[in-house]
1. Please give the net charge around residue 24, taking every other residue with its beta carbon less than 15 angstrom from that of residue 24, where Lys and Arg add +1 and Asp and Glu add -1.
2. Return the aspartates and glutamates within reach of residue 233: Cα separation strictly under 18 angstrom, same-chain partners fewer than 8 residues apart disregarded; answer none if there are no such residues.
3. Identify the trypsin sites (Lys or Arg not before Pro) of the stretch 214-303 meeting these criteria: DSSP loop state and at most 15 other C-beta atoms within 10 Å of the C-beta.
4. Sort 324, 392, 53 by Cβ crowding within 10 Å, fewest neighbours at the top.
5. Give the Kirkwood hydrodynamic radius (Å, one decimal) of the stretch 309-392, defined as one over the mean of 1/r across all pairs of different Cα atoms.
6. So between residue 366 and residue 22, what do we pick up on full extension, going 0.36 nm a residue minus the alpha carbon distance?
7. Report the calculated FRET efficiency for residue 231 and residue 64 (r = Cβ-Cβ distance, R0 = 56 Å), to the nearest 0.05.
8. Test of understanding: what is the full-extension gain from residue 134 to residue 284, defined as 0.36 nm times their sequence separation minus their Cα-Cα distance?
Amino acid sequence: MSEAYLVCALRTAGGRRGGLLSGWHPVDLAGSLIDGLVARSGVAPDAVDDVILGCVGQVGEQAANVARNAVLASSLPESVPGTSVDRQCGSSQQALHFAAQAVMSGSMDVVIAGGVESMTRVPMGSPLTLAKKADLGIYMSPKIREHYPQTELFSQFQGAEMVAAKYGIERLALDEFALESHQRAIRATQAGAFDNEILPVSVLDPESGGEISHTVDEGIRFDATLESISSVKLLAENGRISAATASQICDGASGVMVVSEAGLKRLGVKPLARIHHMSVIGHDPVIMLEAPMPATQRALDRAGMTIDDIDLYEVNEAFASVPLAWLQSTQADPERMNVNGGAIALGHPLGASGTKLMTTLVHALHARGGRYGLQTMCEGGGMANVTIIERL
């Protein structure tokens, strides 16, 4: 079978809700990310065969096929098509899978995969809340209710608590993990570990009103302590999860350029990594966030690998209970997981998080000299994608 290669991987620095990226229309932010990939890779704009973007809140400014609109806002010619994906939090990881499948099939040579989410301008849950206001109903159909009578709605917050309870993870461990996420992100930022992966974008300085370049993730709490994290109110009475041990609401865009072997030769570009394995599974939608555990084992089995063969892992920190439970399930080395921090510190821009994590994974493998990297993330509805790459 033909191979799929990553030749460029970029992300914006995360923006807090109402923060530095809030002035960017998400279509223009995604368009700028596309332009950055084209410029950084040296690939001609008209060589791009397709653009596939993940986005969860596909309403308002992110409606009407945000990927195609991002193409029209970019330097790409209008002859380049675009399509949008919603696999919830795994949307842009799935966009990468679709892009890799396209080039491996031989039908395309160059595909941009990525994602965008402005959680400031299109708040989380907007498709549901706006539909409810307009009396357009809810996704919980009579047949779904018949299959899952134990719940009124599928809830990620309920799922996070269920995972913590099932794996015996107490609040102190969750708080300690959140602190470590910030501390790793601080060390990475101060060491310049993100410099090659962050695409600088112009924003307005809230103090001076002048234009500045946004290059540092806004969500990092440089003054975080265990005491400050432990003082945050729990999300549910008698629960274990707080806002401090959950991923941060975040604005951002990310993307990778995926090229076939024929494309590498024709364009003369050098690959950063090769797609070694990709898969996705469905799982229990009530506990919802447990899917990365069986998905990882299935992926390793199919790839003929063990967890010890993997040098670095990116496991999305939707809630601290998920990566901690994943470590228990896989018996993975915690020192190899989310080495530069995760979504608790850096933010989780929903549809952009998949290729955001992949971008960090690719660059971290190069910086640390590792060979294989694995990425997985929990997804709404009880699903999980897994991608294994080989650094080149």
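1. Values: positive: 11, 16, 17, 121; negative: 28, 35, 61, 117, 205, 211, 218, 251.
Residues near residue 24 contribute -4 overall.
2. Output for residue 233: 161, 170, 175, 176.
3. Working: sites: 221, 233, 240, 265, 266, 274, 298, 302; in loops: 221, 233, 240.
Loop-located and lightly packed - 233.
4. 392, 324, 53
5. Details: mean 1/r = 0.0780 Å⁻¹.
Result for the stretch 309-392 stands at 12.8 Å.
6. Stretched out fully, the residue 366 to residue 22 stretch lengthens by 120.7 nm.
7. Using R0 = 56 Å, I get an efficiency of 0.85.
8. Difference between extended and current length: 51.0 nm.
Just so you know, all these numbers are worked out from the coordinates, no wet-lab data involved. Only a predicted model underlies this, so the values are computations on that prediction, with no experimental measurement involved. Virtual Cβ from ideal backbone geometry, glycine too; neighbours counted across all protein chains shown.
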